[in-house]
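The values are calculated or read from the model by the stated rules, or taken from the named source; none is laboratory data. Here the structure is a predicted model, which is why all the values come from computation and not from measurement. When we count neighbours, we look across all protein chains shown, and the Cβ atoms used for this are built from the backbone with ideal geometry, even at glycine.
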Amino acid sequence: MRRTLLLALALAAPALPAMADPVCGKLAWPLEHERALLNGTLDAFASGATRKAMPPRAIGVLLVPADKAALPYPAAKPADAAKFSGYFTVPVTAAGDYFVSLSSEGWIDAIQDGAEVASTAHTGDPDCPGLRKSVRFTLGAKPLTLEIVNAPRGTIAIAITPAP
């Protein structure tokens, strides 16, 4: 009888819906790829860096105390003097929807052509190892400046990926 039950479960398994990741169960959409990037090898960027190409991996940004960040645009959220901030600029070569995902808490401002780009969606899970939040932006094919404020530490990993 036990063998019959195990066989029946094995045959039925492909028809069962996939179980959500119980560790990152609060995320509104799948972010396994972004989580893998954030937990992998990072390209290091100092705050204020401008890159000529979008890196193929996640970015490790070296942030500075909020009062020394010298952000090029006013942040949408007031900076906490006890936390860290920074910014960098990368080119976006193809217009479309993108996820900007962070490894830890922090506020993200996306700027193109000197104006803030409004987010279209966001999700987060404080219990998800290596991925705290992801924000969706519709970006043009032009330089993108990302500003981070209120990060708890002097480094943060950021993944910029095309959204499906």
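Table for the structure above
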{"read-out": "Residue tally, condition touching a Lys or Arg at 6+ places or on another chain (Cβ under 9 Å) and over 8 Å from residue 88 (Cβ atoms), over the range 39-58", "value": "4"}
{"read-out": "Exclusive hit being surrounded by 20 or more Cβ atoms within 10 Å (Cβ to Cβ), within 17 Å of residue 144 (Cβ to Cβ) and touching a Phe, Trp or Tyr at 6+ places or on another chain (Cβ under 9 Å), set 101, 47", "value": "47"}
{"read-out": "Sole exception among (1) assigned to a strand (DSSP E or B); (2) surrounded by 14 or more Cβ atoms within 10 Å (Cβ to Cβ); (3) out of contact with any Gly (no Cβ under 6 Å at 6 or more places or on another chain) for residue 80, by number", "value": "(1)"}
{"read-out": "Criterion violated by residue 134 - all others in (1) part of a strand (DSSP E or B); (2) farther than 20 Å from residue 40 by Cα satisfied", "value": "(2)"}
{"read-out": "Considering residues of the range 29-62 that are among the small types (Gly, Ala, Ser) and under 14 Å from the mean Cα position of the chain (by Cα) only, the residue nearest to residue 99 (Cα to Cα)", "value": "58"}
{"read-out": "Members of the range 136-154 that are surrounded by 17 or more Cβ atoms within 10 Å (Cβ to Cβ), under 19 Å from residue 78 (Cβ atoms) and not polar (S, T, N, Q)", "value": "146, 147, 148, 149, 151"}
{"read-out": "Count of the range 35-56 residues which are touching a residue at least 24 places away in the same chain (Cβ under 8 Å) and assigned to a loop (DSSP other than H, G, I, E, B)", "value": "8"}
{"read-out": "Residue under evaluation residue 65, criteria (1) closer than 22 Å to residue 123 by Cβ; (2) surrounded by fewer than 20 Cβ atoms within 10 Å (Cβ to Cβ); (3) modelled with pLDDT of 95 or more, criterion not met", "value": "(1)"}
